[in-house]
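**Q** The structure that follows is given in the form of structure tokens.
The values are calculated or read from the model by the stated rules, or taken from the named source; none is laboratory data. Here the structure is a predicted model, which means the values were calculated and not measured. For neighbour counting, all protein chains shown are included, and Cβ atoms are generated from backbone atoms with ideal geometry for every residue, glycine included. When the accessible area is computed, the model is the full protein with side chains, heavy atoms only, and any ligands, DNA or RNA have been set aside. Shrake-Rupley method; radii C 1.70, N 1.55, O 1.52, S 1.80 Å.
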Amino acid sequence: MRILFLTENYPPETTAAATRVSERAAYWARAGHEVTVLTSAPNFPHGRLFDGWTNRWRQVEVRDGIRVVRVKTYIAANEGFARRILDFVSFMGSAVLFGLAERKPDLVVATSPQFFAAVGGWMLGGLRRVPFVFELGDLWPRSITAVGAMKDSLAIRLLERLELFLYRRAAAVVALTHAFKADLTRRGIDPAKIAVVINGVDLPRYAPRPRDAELAAAWGLEGATTVVGYVGTHGMAHGLVNVLDAAERLRDRPDIRFLLVGAGAERQMLVDEAARRGLPNVVFGPPQPKERMPAVWSLCDVALVHLKESPAFAEVIPSKIFEAMGMGLPVLLVAPPGEASRLVEADQAGLCVPAGDPDALAAATRALADDPATRARLAQASLAAAPRHSRQRQAELFLQVLDLVVAGRGPTDAGRVEG
């Protein structure tokens, strides 16, 4: 099968979409499928090209057996709205233009939350006269209003109409959560065309390991006996000021440290605010390349997964849950009750506390620090759950959907694929 996949984010970027798409596509390539990824030059989230890269009209490389075609885009930092939309639209245009020059695929796949990548996928599918599959990674544009980046408006309503149009025109929709499928079904999308393929972890990359002593020393974590680590984007969707509020309540516990590693629109605000409050128990680590993620996780005794209080975020399952499972770490989930909390509770992999409640976060952190036996039990259950959420399994399920679509059966059978 020849698969043409559109995603604006791709390694060496370390976003959830970049990791998900690249790791899964590597399994497809190893199974003998011809995979071409259309993406941009790496620049997220700062809106600056990574060292050694240029923003050329077209550059081609091969990574893990995947042909990666990077196209020129307008580059903007992950903040603000107008410039980010221009970034998104420029990728859509470039991807369609250069996608027409690629060998004709059997189908086109595009992933959100970069919504205009999906628009480009639909356009390319139509122009090349092949099916289009929409991977639904986020309910965009709803997530824009959920983080407060925009208020409900005519523009948002028009984007929602375009969103529904894409779902209807797709040969199949592959949703990352059951809640996404339920949402689309409530809005009139045929459930028979919506498969559910939950995110996962690439187990060959992640496994329990001793703490990286050199990195712990470099980041000043040597004196901490309980490190609660958040590894990922520091964005508007994550509400990480709540962590600073919890850290204030734990000033009397020098043995506990909160470690925040990554980048994002709110990172500098968080660094400045922690300094203003004088919080020695909050440590910030710079963003790390993908291959360093296991070393970063090795510093942690507890994996903190954190979302802002909003009904929209009750429907998502952050990918860091699965990385934590692969590393054998107990999960401390701070999120609205919903899909993610049900998964953590079903796997008995950690504790769930309400979003936006620093007292609850501080109490849960204190409890985990003071009860090593419970922490060990949760860690064991977390590690045991990891094989049920492997990236290989996710790749196989997704490929089932693509096979159905190429065979002309996607609209009627895709909804049977769930995992």
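**Q** For the chain, which longest stretch is free of loop sites, where a loop site is one of the chymotrypsin sites (Phe, Trp or Tyr not before Pro) that DSSP puts outside H, G, I, E and B and that has at most 12 other Cβ atoms within 10 Å?
**A** With chymotrypsin sites (Phe, Trp or Tyr not before Pro) excluded where exposed in loops, the chain gives 82-419 as its longest stretch.
**Q** So, one more: For CYS300, CYS352, give the ranking by accessible area with the largest first, probe 1.4 Å. Let's see the in-between values first.
**A** On the way: CYS300 10, CYS352 45 Å².
Final ranking, largest accessible area leading: CYS352, CYS300.
**Q** Let me ask another. Give the total of Lys-Lys pairs in the chain with Cα-Cα distances below 20 Å; include a pair only if its members are 8 or more places apart or on different chains.
**A** The number of close lysine pairs in the chain is 4.
**Q** I'd like the distance separating the alpha-carbon centroids of the stretch 164-218 and the stretch 2-54, in whole Å.
**A** If we compute the Cα centre of each part, the gap is 16 Å.
**Q** With a 10 Å cut-off between alpha carbons and a GNM built on the chain, which of LEU49, LEU259, LEU378 moves the most?
**A** Maximum among the listed residues: LEU49.
**Q** Residue farthest toward the positive end of the dipole of the chain, with Cβ of Lys/Arg at +1 and Asp/Glu at -1: which of ILE198, LEU124, ALA363?
**A** Result: LEU124, furthest along the dipole toward the positive end.
**Q** First select every other residue whose beta carbon is under 14 angstrom from the beta carbon of ALA16; then total the charges, Lys and Arg +1, Asp and Glu -1.
**A** Combined, the nearby Lys, Arg, Asp and Glu give -2.
**Q** What length, rounded to one decimal in nm, is gained on full extension from GLU345 through to ASP51, with 0.36 nm per residue of separation minus their alpha-carbon distance?
**A** Roughly 101.7 nm would be gained on extension.
**Q** So, with a 1.4 angstrom probe, what is the percent of accessible area on the stretch 316-412 that is carbon and sulfur?
**A** 54 percent
**Q** Taking only DSSP H segments of four or more residues, each worth -39500 (n - 2.57), what value at 222 nm results for the chain once the sum is divided by all its residues, to the nearest 500 deg cm²/dmol?
**A** Computed ellipticity for the chain at 222 nm equals -12500 deg cm²/dmol.
**Q** Given a 1.4 Å probe, how much area per residue of the stretch 322-361 is accessible, in Å²? Please list the in-between numbers first.
**A** On the way: 1180 Å² over 40 residues.
With the other protein chains kept in place, the stretch 322-361 gives 30 Å² per residue.
**Q** What figure, in Å² to the nearest 10, do you get for the accessible area of HIS33 with a 1.4 Å probe and non-protein molecules left out?
**A** Only protein atoms counted, so the area is about 40 Å².
**Q** While we're on this one: Full-extension gain between LEU86 and ARG416, please, as 0.36 nm times their residue separation minus the C-alpha to C-alpha distance.
**A** Extending this stretch completely gives an extra 115.1 nm.
**Q** Quick one: grab the alpha carbon gyration tensor of the stretch 265-344, order the square roots of its eigenvalues as a ≥ b ≥ c, and give me rounded if a/c is under 1.5, else prolate or oblate depending on whether a/b is larger than b/c.
**A** Judged from the Cα gyration tensor, the stretch 265-344 comes out oblate (a/c at least 1.5, b/c at or above a/b).
**Q** Considering only protein heavy atoms, with the full assembly of protein chains and a 1.4 angstrom probe, order LYS104, LYS72 by accessible area, largest first.
**A** Final ranking, largest accessible area leading: LYS104, LYS72.
**Q** So, counting K/R as plus one and D/E as minus one, what does the shell of residues with Cβ under 9 Å around PHE44 add up to?
**A** So the environment of PHE44 carries a net charge of -2.
**Q** Calculate one ³J(HN,Hα) per residue across the stretch 195-209 by plugging θ = phi - 60° into the Karplus curve 6.51 cos²θ - 1.76 cosθ + 1.60, and present them in order as whole Hz with x for glycine and proline.
**A** 8, 10, 10, 5, 4, x, 10, 7, 4, x, 8, 10, 6, x, 8
**Q** Same structure, new question: Take the chain, compute every pairwise Cα distance, and split them into 20 Å bins from 0; I just need the percent in each bin.
**A** Going out from 0 Å in 20 Å bins, the chain shows 27, 59, 14, 0 percent.
**Q** Rounded to a whole number of µm²/s, how large is the Stokes-Einstein D of the stretch 185-328 at 10 °C and 1.306 mPa s, given Rh as the Kirkwood radius over C-alpha pairs?
**A** 96 µm²/s
**Q** If you take every residue apart from ALA217 with its C-beta less than 15 Å away from the C-beta of ALA217, what net charge results, scoring Lys and Arg +1 and Asp and Glu -1?
**A** Local charge sum for ALA217: -1.
**Q** Something else about it: Please compute the per residue accessible area over the stretch 4-128 with all protein chains in place, 1.4 Å probe, rounded to a whole number of Å².
**A** Details: 4750 Å² over 125 residues.
Solvent-accessible surface per residue comes out at 38 Å².
**Q** Multiply the residue separation of ASP272 and GLU291 by 0.36 nm, subtract the distance between their alpha-carbon atoms, and state the gained length in nm to one decimal. Please list the in-between numbers first.
**A** On the way: separation 19, 0.36 × 19 = 6.84 nm, distance 2.84 nm.
Extra length from ASP272 to GLU291 when fully extended: 4.0 nm.
**Q** Amide H neighbours of VAL201 under 5 Å, counting only residues 5+ apart in sequence or on other chains, H built in-plane at 1.01 Å?
**A** SER390, ARG391
**Q** Cα gyration tensor of the stretch 313-391, axes a ≥ b ≥ c as square roots of the eigenvalues: rounded (a/c below 1.5), prolate (a/b > b/c) or oblate? Provide the component values of the computation, followed by the final result.
**A** Details: a/c = 2.27, a/b = 1.10, b/c = 2.06.
Oblate, since a/c reaches 1.5 and b/c is not below a/b.
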